[in-house]
Amino acid sequence: MSHSTVPRGTTEAQTSPQDDGGTTGTTKGPAPSGKGGRGPRAKKAGRLAFRIRWRRDRALILMTVPALLLVLVFNYVPILGNVVAFQDYDPYLSENGFVAIFESPWTGFEQFERIFADSAFWHAVRNTFVLFLLQLVLYFPVPILLALLINSVVRPRVRAVAQAVMYLPHFFSWVLVVTVFMQIFGGAGIIAQTLRRHGYEGFDLMTNPEIFKYLVTAETVWKDAGWGIIVFLAALSSVSNDLYEAAAMDGAGRWRRMWHVTLPALRPVVALLLVLRVGDALTVGFEQLLLQRQAVGVDASEVLDTYVWWNGIRNQDFSYAAAAGLVKGVVGLGLVLTANKVAHLMGEQGVYKK
Amino acid sequence: MTPNAASSSGPSRRGFLTSTAAATAAVAVGSPLLAACGGGGQEGRKEGTTSGKEAAKILPAFVASSVVTPDIPAKNGSAVGFTRAIPTAELKTSVPKTPGSGGKLKIMSPFWGTPPKGDNPYYTAMNKAVGVDVTWQNQDGVTYDQKLGAVLASSEIPDVVVVPGWNLMGRIPSAINAKFADLGPYLSGDKVKDYPNLAAVPTEAWQRGIFGGRLRGIPMPAPYVTDIAPLYRKDLFAKKGYTVPGSPDEFLAWAKEATDAKSKLWACDDMKWTAFNVFGVLSGGDKALWWNLEGDKLVNRVETEQYLEALEWTRKLYAAGVVHPDAVQGKAGGDAGNRFTAGEVLVYNQNVSDWWGKTAEQRTQNADFEMEAFDYFGPDGGDPTLWAVQPANIFTFVSNKASEQQVKDFLALCNFCAAPYGTKEFMLTAYGVEGTDYTVEKGLPVKTQQGVNEVNGAYDYTGNPAPYIAYPDLPEITKGMVEWQQRMGAFTKKSSFFGLTVTEPARWSNLADDFEQLEDDVVRGRKKISDVQQAVSDWRSRGGDGLRDWYRKLLDDNGSAD
């Protein structure tokens, strides 16, 4: 104990001048390699000389062009297709589905009125939010915990094996995941059959609408939690070992080090992912839910995405589905803006800054 | 209707700006714009049906063909049965010379299973024999409806498209009327005699090929006896000493006794389809068959007592725990047929062709395997009331962009594939190349593994003779299937729109889409019978009654098919 007090003093003495140097160096210290002096003028020059910047960054910009084109063609151009939400769109009216847009009659907000009057839509919205909140509470923290766990494993081989085992389910298709769950927890699954053989009543977790939301969350955790740890592991690896050593020198135990070093280091990443997740709140899984639609019925399994699919692709009510998709998009945008604002208020960067 | 709304239909709609203006104006005055655009006057979107005199003008003439006398003749709407193999030397020729022009055809077709490679010996031999270079675009049959909608909306429609009747949902019928060619100029009346095998296709099947007032589809003729059969494990029944139940109550009692979940054995799979037949519910396949004139009123199947009774009985089966747990899961639970062959369920229902399919499949794997279809019983154990299904329910169309030569090649292909049992053309179409796809053992043609993989799925829908069942290697099964159809055919009645292809108005075409999901919820105990009654009254007010009047008018104007 007495031993540790001495180093604490010394580390403080050693680190604080360094910290000062780091923050104040640019303002009053001598500019290292002329960088500081260039600051204000470079900004002005950059604004003026587009040509110079172009010449400097040409190669980089050209390299992004293909990707930009793809984004434009596959992400932005299709947005225009949303106009069918304001029509009574019939893709078979003319030569092809695209030309048919120009020939379909306009109906203004009629599709939206239909949607808001449809109890099935509101039901899907409710299911979507329930699933989102549940996944936020039960799924979102899991990768963080797993990352911390893996990070605490020292032996590289154990670590690699653990990581591989956790990543693996991510590469399974949903059909496979659902089947695996069915074989274990289904009415004729391993557990139910074993129980029956020993004289107990069997059970069936796969077809119970009440617990369906937990089942879906469990499937998601098993499939994707391992994959989700990658980001957090990357964030953890960027935490300087000096900080841990310093904390250890100061006498911080495992828990204190996690609380004061690891978690604060993860905070920006967690905030960022949280904002992104909230923006994606209305997307809670499609294939997974569609696959299990019959098993638990529409009441338990219908979410916005499956609702849009069912009406648009299955029933070919394209305008209606487009309108529902548009509503989803607008609500999603609102959510991500709100979450970002909250992140700013909490002093985090969020997704973007003004 | 206001002048504004009227101006938004018709050619002026082409102009983007004018139509926006018209729409804005129409919305402003709150006029029913949808109604204004329904009529449209576009020939391609014709609603309704064609029958009687109008149909007679375009239907092909019928010229019977008898190459081989069937061992079991058709009766009560059954197929004909062939139980004897015809030696190669005695095979007749129905298409004397290569009929095609050597042109190319792209055919999109549903395929259940794994499609073979495109250049296999069977396809090559078919192409050579028909004289048409066919490229197959085989798509997964289970999700075919999703693909079909997108393909029809694109400008790249394959030359030939196969459409199963159960995929005619939503706007697909109007798409068919707009995108596919009228075959009348090639087939109507005596013109069909250029294609003798097609001339032998029954008229009631051709009647189904009339879409939007034109003969557009080459039909796949089918028996009108219900295609769904309750199938049971005869071997396991005999082992346990069970007799086949003779009434719904007996079935339930037997099922409770037979279920032994501890040893992974359940009495049955999902029996909803069987229940519909047992309780005499109007046919659920084709939308037009949902309606029947009872007294002076058109009644829809979902409005009937029988519908509710059938659901209630199926619900009892689920509630009693006699249905395999995987079946409770529906599609995600896997294939019912596999549970049946694995001996986990004793009874399931499926297309009667599974009787042959599963028997043939199990022959090499389980020597004791034996199955059979049992006869439907009525709600009280007496005779059932069965409703006829459509006499053709899979169609093949040719794009209206195809050249005249392509249409002729297509018809040549259909004529080739429609060759009856006992011809060389039939053997090639159904069995493939001798020596490669099948071998003749003890006088019986037996498919090789290559034949099983390749001679399967393609060329099944591009032309077919009158309904037949021909499995000379399993004559007992052939006999059993035809006789089951004949016995059930005796109880089969035809509803008001039997045999007609009806294009419903687009605004009502999605009205009944969600009943199937509701049925599945009710039988599994997640929803109540009262929910069905509520859904029916919603259905009535959302357009069901309007649809009733529409169908009534159709019946009054056209009469039924007979």
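Of note:
- Sequence-distant lysines (8 or more away, or on other chains) whose Cα lies within less than 20 Å of residue B:46: B:57, B:179, B:287, B:401, B:553
- On Cα atoms only, tilt of A:318-345 relative to the major axis of chain A in degrees: 20 degrees
- Length-normalised contact order of region B:230-297 in % [C-alpha pairs under 8 Å, at least 6 apart]: 15 percent
- Exposed loop sites here are chymotrypsin sites (Phe, Trp or Tyr not before Pro) assigned a DSSP state other than H, G, I, E or B and surrounded by at most 15 other beta carbons within 10 Å; excluding them, the longest clear run of chain B is B:113-562.
- Here the simple spin-label model places points 7 Å from the Cα toward Cβ, and for residue B:238 and residue B:256 these points are separated by 3.0 nm.
- Sites counted here are trypsin sites (Lys or Arg not before Pro) in a DSSP loop (not H, G, I, E or B) having no more than 11 other Cβ atoms within 10 Å; the longest part of chain B that contains none of them is B:118-441.
- Here the residues A:335, B:183, ranked from fewest to most Cβ neighbours within 10 Å of their Cβ, fall in the order A:335, B:183.
- Anchor residue B:447: aspartates and glutamates whose Cα lies under 13 Å away (excluding residues fewer than 8 positions away in-chain): B:361, B:434, B:437, B:473
- Long hydrophobic helices in chain B, taken as whole DSSP H segments with a C-alpha length of 18 Å or more on their own axis and mean Kyte-Doolittle hydropathy at least -0.5: B:16-29, B:404-417.
- Shape annotation for the protein assembly as shown: C-alpha extents along the principal axes are 108, 76, 58 Å, from largest to smallest.
- Listed residues A:134, A:93, A:290, most fluctuating in chain A (Gaussian network, C-alpha, under 10 Å): A:93
- The modelled label-to-label distance between residue A:172 and residue A:243, using points 7 Å beyond Cα along the C-beta direction, is 3.6 nm.
- Environment charge at residue B:544 (Cβ cut-off 14 Å; Lys +1, Arg +1, Asp -1, Glu -1): +1
- Relative contact order for chain A, counting Cα pairs under 8 Å that sit 6 or more residues apart, in percent: 21 percent
- Here the scattering of region B:424-496 is modelled by Debye summation over its C-alpha atoms, one equal scatterer each and no solvent; at q = 0.13 Å⁻¹ the log10 of I(q)/I(0) is -0.52.
- Principal-axis analysis of the Cα atoms of chain A puts helix A:156-167 at an angle of about 20° to the longest axis.
- In chain A, excluding the sites themselves, the longest stretch lacking any of the GluC sites (Glu not before Pro) that are in a DSSP loop with at most 15 other Cβ atoms within 10 Å is A:202-354.
- Cα-centre dipole for region A:109-345 with unit charges at Cβ (Lys and Arg positive, Asp and Glu negative), debye to 20: 820 debye
- On Cα atoms only, tilt of A:2-24 relative to the major axis of chain A in degrees: 80 degrees
- Taken about its Cα centre, the protein assembly as shown carries a charge dipole of about 4280 debye when Lys and Arg each add +1 at the Cβ and Asp and Glu each add -1 at the Cβ.
- Under 24 Å of direct C-alpha separation, and excluding same-chain neighbours fewer than eight residues apart, residue A:223 reaches these lysines: A:213, B:331.
- Pair residue B:263, residue B:247: separation of 7 Å Cα→Cβ label points (nm): 3.0 nm
Rule-based calculations on the coordinates, nothing more; no lab input. The shown structure was predicted, so the numbers you read here are calculated from the model rather than taken from an experiment. Quick reminder, even Gly has a Cβ in these numbers, built from the backbone with ideal geometry, and neighbours come from all protein chains shown.
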